[in-house]
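Chemist: Structure provided below as structure tokens; questions to follow.
The values are calculated or read from the model by the stated rules, or taken from the named source; none is laboratory data. The structure presented is a predicted model; accordingly, all values stated were derived computationally and were not measured. Cβ sites come from the backbone with ideal geometry, for glycine too, and all protein chains shown count toward neighbours.
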Amino acid sequence: MAYGGGTFIAQNKILPGSYINFVSAGKTSATLSERGIAAMPLELSWGPWGDVFTVTADEFLTGSSKFFGYDASAFEMRGMRELFANARMCHFYRLGDEGTKAQNTYATAKHPGTRGNLITVVVSQNVDNQTLFDVKTLFDGKQADIQKGIADISELSDNDFVVWKKSSGTVLATAGTPMTGGVDGEIRNGDYEGFLKKIENYAFHTLGVISDNPVICRLFTAFTKRMRESVGVKFQTVLYKHSEADYEGVISLENECIVGLNDVSDGKLELLYWLIGAQAGCNVNKTLTGMIYNGELNLNTDMTQQGLEDALENGKFVFHRVGDSIRVLSDINTLKTFTPEKTQDFGDNQVMRVLDQIGNDIAILFNKKYLGKMPNDNAGRISFKNDIAAHHDQLQALRAIENFDSGNVVVDKGSSKKSVVVTDCVTPVCAMTQLYMTVVVE
């Protein structure tokens, strides 16, 4: 990371950056960044390999094949449709060894994997000039690219699916030359570490992984804690049945999907896609509590009233049936060990979205406007205080916090000439979830 960040106990940090603590209060121009960004590794048979690649919701709908090897409407893209129902963008990483790229006489597949074997090159005479040729690239039987009036391979431009072998010479007519030899790379647990190292340099709101392997879940939990507390990057991670995390940065999905005979390999875990996208896309002043699941999956909601209560007490995120609909029971994370510093409020994801928004936005504000630029004098500290107050005013206008008083924001000089100490006080607003009513009958 470019700067330091995270929490602090003493004013003894070495790296320049933003160190922000959140604690519960004792009981006796900054702008709001837009939410909606997720991050996750995937097992794929097509797509960029070796680095993170980013896909927006619009790009998925209009060009899914070039990223994932399937049309957006394909059964195999069901999980992606669940993800992008709420997320506006996702950073992906393809797990596994590189594998092998398919190829034929004319070209090599742009990406490795078995889906490259579905590429075919068709060469036909140009109707206007029979000394020239038109070259089509077909992917899974559909035209992905056409280049007309070609005399030599060197004239062709690479496209989303193939890299042309420019030295292969003159083009010859062919009804269709398929590619062969595409092989998927082998996937190992260590590949997930490679993803986490890469994704550390990206900004996102929700991290997720489609796995029920406890080792991988613990790895992602440790990464989340390190990033939130040592690096200062605030996000939440969605995992499958990992309530043992007992941490406000980890959400544990408990429901599984009812899997049919022809379902995909990760069938029972596919609800993770929806929850990763929904958590990323949930606005800072909203909650998922009571939200209706409107995806394509068949969910197992067979849980008793006592089972639902036990789930909430143990930090488990569950869906339940209400009449004809399936809804989120409560938008909670895995934190269940409460302390004076982290009360029960920290177990509510709506509260965490507010706190994470403040942590990320104020860090960005400080790093871009103040770090190394603004003198640490009274005027500079007043400017910083005013910017923090303006940011919080926006949150209050959205009804994400309440009773904000700019007088409670204090920016003092720190223990060194270069540091400032901020004391802040916010009261996050939560949506109504319980009704206690007394009716007096006279």
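Chemist: Could you tell me which residue of the range 386-403 is nearest to Arg353 (Cα to Cα), considering only residues that are among the hydrophobic types (A, V, I, L, M, F, W, C) and surrounded by fewer than 18 Cβ atoms within 10 Å (Cβ to Cβ)?
Modeler: Within the range 386-403, the match that is nearest to Arg353 (Cα to Cα) is Leu398.
Chemist: What's the number of the only condition in (1) under 21 Å from the mean Cα position of the chain (by Cα); (2) acidic (Asp, Glu); (3) crowded, with 16+ Cβ neighbours inside 10 Å that Asp345 fails to meet?
Modeler: (1)
Chemist: Report yes if Glu186 is acidic (Asp, Glu), part of a loop (DSSP other than H, G, I, E, B) and either over 23 Å from Thr337 (Cα atoms) or not assigned by TED's automatic domain parsing to the domain that holds Phe139 (or both), otherwise no.
Modeler: yes
Chemist: I'd like to check something: does the range 397-404 contain any residue that is assigned to a helix (DSSP H, G or I) and not polar (S, T, N, Q)?
Modeler: Looking through the range 397-404, at least one residue is assigned to a helix (DSSP H, G or I) and not polar (S, T, N, Q).
Chemist: Separate question: Just give me the residues in the range 302-336 being hydroxyl-bearing (Ser, Thr, Tyr) and either more than 27 Å from the chain's Cα centre (by Cα) or under 22 Å from Ile258 (Cα atoms) (or both), in sequence order.
Modeler: Thr304, Ser325, Ser330
Chemist: Of all residues in the range 207-231, which are surrounded by fewer than 22 Cβ atoms within 10 Å (Cβ to Cβ) and either farther than 24 Å from Arg188 by Cα or aromatic (Phe, Trp, Tyr) (or both)?
Modeler: Phe223, Glu229, Ser230, Val231
Chemist: Any residue at all in the range 304-312 that's modelled with pLDDT under 95, over 25 Å from Tyr247 (Cβ atoms) and surrounded by 12 or more Cβ atoms within 10 Å (Cβ to Cβ)?
Modeler: No - not one qualifying residue is present in the range 304-312.
Chemist: Continuing with the same structure: Restrict the check to the range 59-78 and report whether at least one residue is β-branched (Val, Ile, Thr) and touching a Lys or Arg at 6+ places or on another chain (Cβ under 9 Å).
Modeler: No, the conditions are met nowhere in the range 59-78.
Chemist: Got a number for residues in the range 150-175 being part of a strand (DSSP E or B) and surrounded by 13 or more Cβ atoms within 10 Å (Cβ to Cβ)?
Modeler: Going through the range 150-175 one residue at a time, the tally reaches 6.
Per-residue answers, yes or no, for (1) touching a helix residue (DSSP H, G or I) at 6+ places or on another chain (Cβ under 9 Å); (2) at negative phi; (3) assigned by TED's automatic domain parsing to the domain that holds Thr174:
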| site | (1), (2), (3) |
| --- | --- |
| Thr114 | no, yes, yes |
| Leu118 | no, yes, yes |
| Val121 | no, yes, yes |
| Ser124 | no, yes, yes |
| Leu132 | no, yes, yes |
| Thr137 | no, yes, yes |
| Gly141 | yes, no, yes |
| Ala144 | yes, yes, yes |
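Chemist: Also: Do we have any residue at all in the range 349-360 that's in a loop (DSSP other than H, G, I, E, B) and within 28 Å of His205 (Cβ to Cβ)?
Modeler: no
Chemist: Shifting gears a bit: Just wondering, is there one or more residues in the range 270-291 that are of a type in the set (Phe, Trp, Tyr), assigned to a helix (DSSP H, G or I) and within 21 Å of the chain's Cα centre (by Cα)?
Modeler: yes
Chemist: Given the range 1-58, what strands (runs of 3 or more DSSP E) lie entirely inside it while holding 1 or more residues that are at pLDDT 95 or above?
Modeler: 37-42, 53-56
Chemist: One residue is enough: does the range 407-414 have a residue meeting the conditions at pLDDT 90 or above and in a helix (DSSP H, G or I)?
Modeler: yes
Chemist: Restricting the search to the range 199-256, which residues are closer than 19 Å to Phe346 by Cβ, touching a Ser or Thr at 6+ places or on another chain (Cβ under 7 Å) and in a loop (DSSP other than H, G, I, E, B)?
Modeler: Of everything in the range 199-256, those that are closer than 19 Å to Phe346 by Cβ, touching a Ser or Thr at 6+ places or on another chain (Cβ under 7 Å) and in a loop (DSSP other than H, G, I, E, B) turn out to be Gly232, Phe235, His242, Asp246, Tyr247, Gly249.
Chemist: Within the range 81-109, which residues are over 27 Å from Lys136 (Cβ atoms) and either outside any strand (DSSP E or B) or at pLDDT below 95 (or both)?
Modeler: Those that are over 27 Å from Lys136 (Cβ atoms) and either outside any strand (DSSP E or B) or at pLDDT below 95 (or both): Arg81, Glu82, Leu83, Phe84, Ala85, Asn86, Ala87, Arg88, Leu95, Gly96, Asp97, Glu98.
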